[in-house]
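Enquirer: I am attaching a structure below and will ask some questions about it afterwards.
The values are calculated or read from the model by the stated rules, or taken from the named source; none is laboratory data. Since the structure is predicted, the reported quantities are computational estimates derived from the model, not experimental observations. Every residue, glycine among them, receives a Cβ derived from its backbone with ideal geometry; neighbour counts consider all protein chains shown.
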Amino acid sequence: MYEWKFKAFDELSVEELYEILRVRQQVFIIEQNCIYPDIDKLDKGSWHLFAVKKDEGAGLDISDSPKIHAYLRVVPPGHLYEQPSFGRVLTTEDARGTGAGKMLIKKTVELMGEMYPNQPIKISAQLYLERFYTGFGFNAVSEPYDEDGIPHIDMMTSASN
C-alpha cells in the first residue's frame, strides 16, 4: 500500500521536501488553524520518515511526484531534548482511519531503537493523543500545557524502548 522512506534532510529530493512542507502546512496550519513557524532549525538536523503513494492523476495534478500520506521527523538527542525525539507527526485526510498513523509510530519506535539503543524517546504529544501513544509504550511525564493554542503533554518511553 505505502512505500516507506527514511531520509536525512540532505538526502531528500526537491520534490520530497516540497511535498513534506506542503502536507505539514495543510495539516498543522490549515486544518488545525494553528499559525506558527513550521519551518524551523530542527529540520536540517533531523531524519524524515514518510509514506508515499504515487499520484494517480486525481484532480489537476497529473505529475509523477510522490504524494505523502504519513510523515514525521526524528530529532537526534541534544537538538530539542536531551533524549531523542520525534515530532511533526501527521497523516493526511485521505490516510486517516487506514492504520497509517499506527504504522508510522511503530516504524519510528523500531528505527529509533536501532539508532539510539537503550535511550528513552521523549515527545510533546497533543493531549487528545495521549492514549494512542500509551499503546506504543509512552507515559506522561508532565502536566498538560498549551503549545500554540493546542493542549499538549510531554511523554517518554523507558530506556529499553
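Enquirer: Is it the case that segment 87-94 has a residue that's acidic (D, E), in contact with an Asp or Glu (Cβ under 9 Å, 6 or more places away or on another chain) and assigned to a helix (DSSP H, G or I)?
Expert: Yes, some residue in segment 87-94 is acidic (D, E), in contact with an Asp or Glu (Cβ under 9 Å, 6 or more places away or on another chain) and assigned to a helix (DSSP H, G or I).
Enquirer: Which condition from (1) in contact with a strand residue (DSSP E or B) (Cβ under 6 Å, 6 or more places away or on another chain); (2) loosely packed, with under 14 Cβ neighbours inside 10 Å; (3) among the charged types (D, E, K, R) is the one that E19 breaks?
Expert: (2)
Enquirer: Return the pair list, or none, for Cβ contacts closer than 7 Å from residues in segment 12-23 that are free of Cβ contacts under 8 Å to residues at least 60 places away in the same chain to residues that are of a type in the set (S, T, N, Q), at least 6 apart or on different chains.
Expert: Qualifying pairs under 7 Å: E15/S65; E19/S65.
Enquirer: Quick one: in segment 95-106, which of the residues that are free of Cβ contacts under 8 Å to residues at least 60 places away in the same chain and part of a helix (DSSP H, G or I) is nearest to K5 (Cα to Cα)?
Expert: Out of the qualifying residues, it is L104.
Enquirer: What do you reckon, is Q25 at pLDDT 95 or above and among the polar types (S, T, N, Q)?
Expert: Judged against the criteria, Q25 is a match.
Enquirer: Restricting the search to segment 4-23, which residues are under 16 Å from the mean Cα position of the chain (by Cα) and either of a type in the set (K, R) or not in a helix (DSSP H, G or I) (or both)?
Expert: The answer is W4, K5, F6, K7, A8, L12, R22.
Enquirer: Under 7 Å between Cβ atoms, at least 6 apart or on separate chains: pull out the pairs that start in segment 37-61 with a residue that is under 14 Å from D94 (Cβ atoms) and surrounded by 11 or more Cβ atoms within 10 Å (Cβ to Cβ) and end on any residue that is small (G, A, S) and at pLDDT 95 or above.
Expert: Listed by first residue and then by second, the contacts come to A51/A70; A51/A100.
Enquirer: Quick check on V52: is it part of a strand (DSSP E or B), closer than 27 Å to G137 by Cα and modelled with pLDDT under 95?
Expert: So V52 fits the description; yes.
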